[in-house]
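Below: the structure, in structure tokens.
Readers should treat all values here as calculations from the given coordinates under stated rules, not as data from a laboratory. The structure displayed is predicted, hence computed values, not measured ones. No Cβ is skipped: glycine too gets one built from the backbone with ideal geometry, and neighbour counts run over all protein chains shown.
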Amino acid sequence: MTETVDVPIIAPELPAYAHPGDAGADLVSAEALRLEPGERALVGTGVRVAVPDGYAAFVVPRSGLATKHGVTIVNSPGTVDAGYRGELKVTLLNTDAREPYDIAVGDRIAQLIIMPVARARFVPVDALESSARGEGGFGSTGYTNETRNPS
């Protein structure tokens with residue numbers, strides 16, 4: 001069973017889940033604008049929320065916008081802390097090198113995911129436990145497709 005949490009909201013249009021079981025609710029633009037190729041803009045949604053303590057909201061791109069038009073979110077995921085009460089705004093970027101992208105009021109521009117978050121207690125130590133991965137990162141596991149990384 002999926003946990004449901006009440007999130008107080010002020011919005012001209014409530015975020016909505018497109019399908020049962022979706023993790024993200026669609027956020028829509030509260031303004032009309034054109035994103036030229038390579039341009040980014042901070043786009044208002046008109047949405048203000050009071051995320052409960054113990055939760056955070058994350059603003060993430062819509063896969064259809066990214067795939068079909070090259071429009072994504074620069075700071076993805078955008079983190080909305082429980083104490084924030086301002087308008088949710090989305091920094092959109094048009095990655096298409098040739099085509100502008102027009103956004104109308106009411107267009108779906110991002111998704112909002114509400115998740116429980118743990119509060120960390122950072123404990124200073126002199127050394128960390130070893131792990132199978134160790135310090136490997138940034139491509140250390142290589143590629144599975146040999147055509148990308150011929151030997």
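Could you pull out which residues in region 64-108 have an amide N less than 14 Å from a spot 7 Å beyond the Cα of Arg133, following the Cα-Cβ vector?
none
How large is the convex hull of the Cα atoms of the chain per residue, expressed in Å³ as a whole number? Intermediate results must be reported in sequence, preceding the final value.
Numbers: hull volume 31.0 nm³, N = 151.
Each residue corresponds to 205 Å³ of Cα convex hull volume.
Picking from Leu128, Leu88, Pro8, whose Cα lies most toward the positive end of the charge dipole for the chain (charges on Cβ: Lys, Arg +1; Asp, Glu -1)?
The listed residue farthest towards the positive side: Leu128.
So for Ser130, Ser63, fewest C-beta neighbours within 10 Å to most, what's the order? Don't jump to the answer; show the numbers that get you there.
Working: Ser130 7, Ser63 11.
Taking fewest neighbouring Cβ atoms as first place, the list is Ser130, Ser63.
Loop-only check: which chymotrypsin sites (Phe, Trp or Tyr not before Pro) in region 61-151 are DSSP coil with at most 13 other Cβ within 10 angstrom?
Phe122, Phe138, Tyr143
Fewest first, what order do Leu33, Leu112, Leu14 take by the number of other Cβ atoms within 10 Å?
Leu14, Leu33, Leu112
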